[in-house]
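Report on the structure given below.
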Amino acid sequence: MNSLIIEATKYTPEISFDCEQHTLGIKGKSYPENTSVFYQPVFEWLEEYLENIGEQNITVNMELIYFNSSSSKVLMDFCDVLDEAASDGKRITLNWIYEEDDEDALEFGEEFQEDLESVTFNLVEKAPER
Amino acid sequence: MQKENSIFSKEEDTLKTAESLLKGEAVGKETLLKEYKGLLKNYKKLLRQTKTVTRVSDNQQRKLNRILERLGRYVSFQLFKKITHEKGNVEIKPQRKKLTVFFSDLKDFTYTSSHMEGEALSEFLNFYLEIMTQIVIKWGGTLDKYMGDAIMVFFGDPEFTSDEDHALRCVSMAIEMREKMKDLQKKLYDLGYQEPLHCRMGIATGYCTVGNFGSSERMDYTIVGTPVNLASRLETAAEKDEIFISHETWGYVKDKVICDPPKELHLKGFHQKILAHKVVRLKKEGEDNVLLIDDEEKGVNLKIDFSKIPKEEIESIIRRLEVELK
């Protein structure tokens, strides 16, 4: 299985899913013209990855500055897939990364956190980039 | 649109399954129960997600409103409307337009501010600019920029009415600013500002190029052209609490504004002498700046237009009359 790398654009986040390091990162803005088309390969990769993974610890880093409503629906589906896998015994940690002073990003993280039962969810504050 | 809906493809599949079960014949109780459980599970998930999306969306909306409120403080009211109301890219192509341009600053403020602490200076400037900006908004001027204590405003773009109206609104705005400044002087003195502060203003009308100027990184909606330089030079030439208007501006407002007779000024950057009119005040209803005595029987026919004849010449006429009477 290959890692999945999609470079960020003005409207879409950077996707860096590393199947060797077992770190899955989504970083940037997300308001694609067609949300389902953009995230389709992400879900396909994730499903294949979760089917083949064993006991390894998986770290998911989500660092989103802005996302539209359809992206938030898709990201919740993404978190649900992870949560279901975690309830089946996969060891998944999800880090919701937000910049210091970005109260909105923190609030979004808390909203996502409420919906997840089995994933280990961390709200991670990051110092602003200079 | 249809493609966009496919983010709900799983939910749509669940509905289809439920509907086909109802259409089907003789479905076993066990199958029905299994499908019902599946439907319930999906419904719960959908409700949870809907709640979250609604909250997230409301938060985004609040965030957007906050950003818009802040943006409104940094760009002119008119430009803000253009940015928020127009779809697509806001492209303001440079175009030639007749505008009335206004400049003001505080006389000797550089000297005064050199005695002030940074905090006191910023507090004062914000106080002063806030009050003056409210007057700009009231008269519908486009606030171009602040440059320290200086304010640049123009009339005629993005909203165009008529050249006369732009000039009159601009002069009226300047008069109100000057009146406000008198109130402020007392208030500032009471607040501990030792030096009385005075404004000076310059106004000019003429063709300018208006639009977005700058680089791809940073654009400024502003104007360039001779009237901009002229208004700025007239402001510099004005004494404390004076408003100098160009001859063209005067042409538009002369029936509604009382001005002193024009002066010929040598202004930097202008080869020819420039006629500048000093604004006294707005005319009252039916008021004229002309003295007219017309009595043919008594042989008197006198007309004095105070906006044209300098004070010294009137005094010389009075002296001649006094000599004649003696």
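Read-outs throughout are calculated quantities, based only on the coordinates presented, and are distinct from any laboratory measurement. Computed from a predicted model, the values in this text were never measured in an experiment. Quick reminder, even Gly has a Cβ in these numbers, built from the backbone with ideal geometry, and neighbours come from all protein chains shown.
So the values come out like this:
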quantity: Relative contact order [Cα under 8 Å, 6+ residues apart], the stretch A:4-126, whole percent; calculated: 22
quantity: Within chain A, longest stretch clear of exposed GluC sites (Glu not before Pro) (DSSP loop, no more than 14 other Cβ within 10 Å); calculated: A:56-99
quantity: For the stretch B:173-326, average projected area of the Cα convex hull in nm²; calculated: 15.7
quantity: Solvent-free Debye scattering, log10 I(q)/I(0), computed from the Cα coordinates of the stretch B:133-174 at q = 0.13, 0.16, 0.17, 0.30 Å⁻¹; calculated: -0.24, -0.37, -0.41, -1.11
quantity: Computed FRET value (nearest 0.05) for B:LYS182 with B:GLU312, which takes r as the C-beta separation and R₀ as 25 Å; calculated: 0.35
quantity: Between the stretch B:118-167 and the stretch B:179-216, the alpha-carbon center distance in angstrom; calculated: 8
quantity: Average beta-carbon neighbours from other chains, 10 Å sphere, peptide B:52-60; calculated: 6
quantity: Kirkwood-Stokes translational diffusion coefficient of the stretch A:49-94, alpha-carbon pairs, 20 °C, 1.002 mPa s, µm²/s; calculated: 184
quantity: Dipole in debye (nearest 20) - the stretch B:88-282, about Cα centre, beta carbon charges: Lys, Arg +1; Asp, Glu -1; calculated: 620
quantity: Binned Cα-Cα distance frequencies in chain B - 20 Å width, integer %; calculated: 23, 38, 18, 13, 6, 2, 0
quantity: Shielding score for B:42-50, defined as the mean number of other chain Cβ atoms within 10 Å; calculated: 2
quantity: Angle between chain B longest axis and helix B:163-191 axis [Cα atoms, degrees, rounded to 10]; calculated: 90
quantity: Dipole axis of the protein assembly as shown (+1 Lys, Arg; -1 Asp, Glu on Cβ), positive-most option in B:ALA26, B:LEU68, B:GLN185; calculated: B:GLN185
quantity: Column: log10 I(q)/I(0), Debye, Cα scatterers of chain A, q = 0.11, 0.16 Å⁻¹; calculated: -0.35, -0.78
quantity: Cα shape, the stretch B:153-248, gyration tensor, a/c 1.5 rule; calculated: prolate
quantity: Most mobile of B:THR54, B:THR161, B:THR133 in a GNM of chain B (Cα contacts under 10 Å); calculated: B:THR54
quantity: Cβ-based charge dipole, the stretch A:1-90, positive-most Cα from A:LEU4, A:SER30, A:MET76; calculated: A:SER30
quantity: FRET efficiency estimate (nearest 0.05) - Cβ-Cβ, B:THR226 to A:TYR31, R0 60 angstrom; calculated: 0.85
quantity: Per-residue mean of C-beta atoms belonging to partner chains within 10 Å, peptide A:67-74; calculated: 5
quantity: Relative frequency of Cα-Cα separations exceeding 14 Å in the stretch B:187-239, percent; calculated: 67
quantity: Loop GluC sites (Glu not before Pro), the stretch B:125-196, which have at most 16 other Cβ atoms in a 10 Å radius of their Cβ (DSSP); calculated: B:GLU159
quantity: Dimensions in Å of the stretch B:79-161 - Rg and Dmax from alpha carbons; calculated: 16.0, 49
quantity: Selected from B:LEU292, B:LEU129, B:LEU121 as most flexible by GNM, with chain B as the system and alpha-carbon contacts under 10 Å; calculated: B:LEU292
quantity: At 0.692 mPa s and 37 °C, Stokes diffusion of the stretch B:210-293 via Kirkwood alpha-carbon radius, µm² per second; calculated: 219
quantity: Alpha carbon convex hull of the stretch B:4-74, projected area averaged over orientations, nm²; calculated: 6.3
quantity: Degrees, to the nearest 10: B:9-23 long Cα axis against longest axis of chain B; calculated: 50
quantity: Per residue Cα convex hull volume in Å³ - calculated over the protein assembly as shown; calculated: 253
quantity: Space enclosed by the convex hull of the alpha-carbon atoms of the stretch B:88-282, per residue, Å³; calculated: 139
quantity: Cβ-placed point charges (K, R +1; D, E -1), dipole of the protein assembly as shown about Cα centre in debye, nearest 20; calculated: 1520
quantity: Extension gain from B:LEU40 to B:ARG73, taking 0.36 nm per residue of separation minus the Cα-Cα distance; calculated: 6.9 nm
quantity: Residue with peak Gaussian network fluctuation, chain B [Cα springs, cutoff 10 Å], from B:GLU248, B:GLU285, B:GLU235; calculated: B:GLU285
quantity: Reachable lysines from B:LYS82, criterion Cα separation under 29 angstrom, eight or more residues apart if same chain; calculated: A:LYS10, A:LYS29, B:LYS63, B:LYS93, B:LYS97, B:LYS98, B:LYS138, B:LYS145
quantity: Efficiency of FRET from Cβ geometry, B:LYS10 and B:ASP241, R₀ 60 Å, rounded to 0.05; calculated: 0.25
